[in-house]
Amino acid sequence: MIGRGLVVKAASTAAMTASVGVAVVALGFAIYYGLAIVLIPAAAAALTALIFAIAAGVCALVLKGKAAPDQAEEDEPEGLTDRAIQLFRTRPILGTVAGLAAGWIFLRNPALATMVAAAFTEKSRGTRRPRR
């Protein structure tokens, strides 16, 4: 069979991925239960999620490495969304910290989150006619 080597590689990759997934879940349970002894369950869950988020960020930075050469500086982004995207592309750690801080602020003040969501989803009205 011509594609036998490819099939074997795909099967071994799938088995390895499943094994790593099981190991990560088991590690998550171990960290959670270790922290649950010292902290309340909600705090233990939050801290476990934070640990895994930090680990994922570090892995992403390591794997990114020098895979893509730096692009030439582009024009200044025009909108708030473009600025946020550029921040995440150029400085991923700073962008992640800013996102976590914004999430924390929005959790503490849901009214602010509602106002920001309304501002992002509001359609621009174009030109307005003056009232007479």
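No lab work stands behind these numbers, since they all come straight from the coordinates. What you see is a predicted model, and the numbers here were worked out from it, not measured in a lab. Cβ: placed from backbone, ideal geometry, glycine included. Neighbour counts: every protein chain shown.
Computed from the Cβ-Cβ distance with R0 of 22 Å, the FRET efficiency linking A15 to L63 stands at 0.55. Summarising the label geometry, the points placed 7 Å from Cα in the beta-carbon direction at E78 and A55 lie 4.3 nm from one another.
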